[in-house]
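The values are calculated or read from the model by the stated rules, or taken from the named source; none is laboratory data. Everything quoted here is computed from the prediction, not taken from an experiment. No Cβ is skipped: glycine too gets one built from the backbone with ideal geometry, and neighbour counts run over all protein chains shown.
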Amino acid sequence: MMKKIPAVTILVCAVFAAGAFAQIMMAPATGTGSRVTVVEAKSAADGKSSITEKVLEECIIALPSLNQLEADVTARNEYLKEINGVAGKNDHVRTFTASVIVSYQLRQKLLIIITQNSLDGQEPITREEERIIMRQSQPFVSDLDGGDIFAGRSNRRYYYSSAEKAAESAKSRAGVWVRQQQNVLCSVGR
C-alpha cells in the first residue's frame, strides 16, 4: 500500500532543487564561486514617427451676418391643460421649438512636431503651419420661458404657438453669441 505525499511537500522539494541547480549552472568553470548577472534591456526605438500638433494661435476669420441666420423649426402636437390660465380650457395645441447653428471660418496657427523613435537620438522636426477650417457652434434653442402661451397653474410651462416666434427666439440667442465673437475676429494684416 502506497502512502500519499502532500502536494505542498513535493512543491517545496522542487523549489530547493531548482535553486541548487541554478547555483551550479552560474558558477564559472574556474571554481571561484562568482555569480553571473544577466541584464535584459528593452528599447522603444522602433523607427516609427509620431506627429503632434499644438495650436499656437486661433482667431475667427468670418462670421455670418445676423440676417443670414436660419432657424430649424420643429412642430409638435401637445395636450395642454388650463391654457393661458383659463380653468377648463384643455385642448390639443400645435407648439413649436427652433434651433440655430452658426457656421464660421477659423484660422489656426499650428506648431507641427515630428519625432522619431530611434537609437541615434535625432532632434524633433518642428514646423509652423496655418490652416483655415469651418466650425459650427452649439445649437441655440428657442427659450421656452419666453413662449407666448402657457399651460397649468402651479407648474406653469410655456410654449410657442407659431413657428415665427420660436425662430425669432432662437435667432436672437444666436445673434448674441455672434456679437460676442466680434472680439476674437482676426485683425487685418495677420
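Residues in segment 155-171: is at least one touching a strand residue (DSSP E or B) at 6+ places or on another chain (Cβ under 9 Å) and modelled with pLDDT under 90?
Within segment 155-171, one or more residues are touching a strand residue (DSSP E or B) at 6+ places or on another chain (Cβ under 9 Å) and modelled with pLDDT under 90.
Show the residue pairs that are 6+ apart or on different chains and have beta-carbon atoms under 9 Å apart, the first residue being within segment 139-156 and under 12 Å from residue 83 (Cα atoms), the second being among the β-branched types (Val, Ile, Thr).
149/83; 149/93; 149/95; 150/83; 151/83; 151/93
So, in segment 155-169, exactly how many residues are part of a helix (DSSP H, G or I) and surrounded by fewer than 14 Cβ atoms within 10 Å (Cβ to Cβ)?
Residues in segment 155-169 being part of a helix (DSSP H, G or I) and surrounded by fewer than 14 Cβ atoms within 10 Å (Cβ to Cβ): 1 in total.
Which residue is surrounded by the most Cβ atoms within 10 Å (Cβ to Cβ), if the candidates are limited to segment 53-80 and must be touching a Ser or Thr at 6+ places or on another chain (Cβ under 8 Å) and outside any strand (DSSP E or B)?
71
Hey, among the residues in segment 81-104 that are among the polar types (S, T, N, Q) and surrounded by 15 or more Cβ atoms within 10 Å (Cβ to Cβ), which one's nearest to residue 156 (Cα to Cα)?
The selected residue is 95.
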